[in-house]
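Below is one structure; the comments refer to it alone.
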Amino acid sequence: MEILTFLIPISLFMGGVGLVAFFWAVKTRQYEDPKGDSQRILSDEYDDRPKQD
């Protein structure tokens, strides 16, 4: 039971870090255009192969 004195604060800290990361992603508009991103992935316009010299 003494392990709970370590696990509870650690889990609260990790949850807080995740929450801060989520708010940062929303603030920097990481989720702005998910539909457009999905269409760009399927497009042949962008080539993901390395260029040959």
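Entry remark, the stretch 1-43: residues being within 12 Å of the chain's Cα centre (by Cα) and of a type outside the set (A, V, I, L, M) number 8 in total.
If you go through the stretch 24-37 and keep only what is of a type outside the set (Lys, Arg) and loosely packed, with under 10 Cβ neighbours inside 10 Å, you end up with THR28, GLU32, PRO34, GLY36.
Look at the stretch 16-35: where a residue is on the phi < 0 side of the Ramachandran plot and a partner is in a helix (DSSP H, G or I), sitting 6+ places away or on another chain with Cβ atoms under 8 Å, you get TYR31/ALA25. The set of residues from the stretch 10-53 being among the polar types (S, T, N, Q), in a helix (DSSP H, G or I) and at pLDDT below 95 comprises SER38, GLN39.
The values are calculated or read from the model by the stated rules, or taken from the named source; none is laboratory data. These figures come from a predicted structure and were not determined experimentally. No Cβ is skipped: glycine too gets one built from the backbone with ideal geometry, and neighbour counts run over all protein chains shown.
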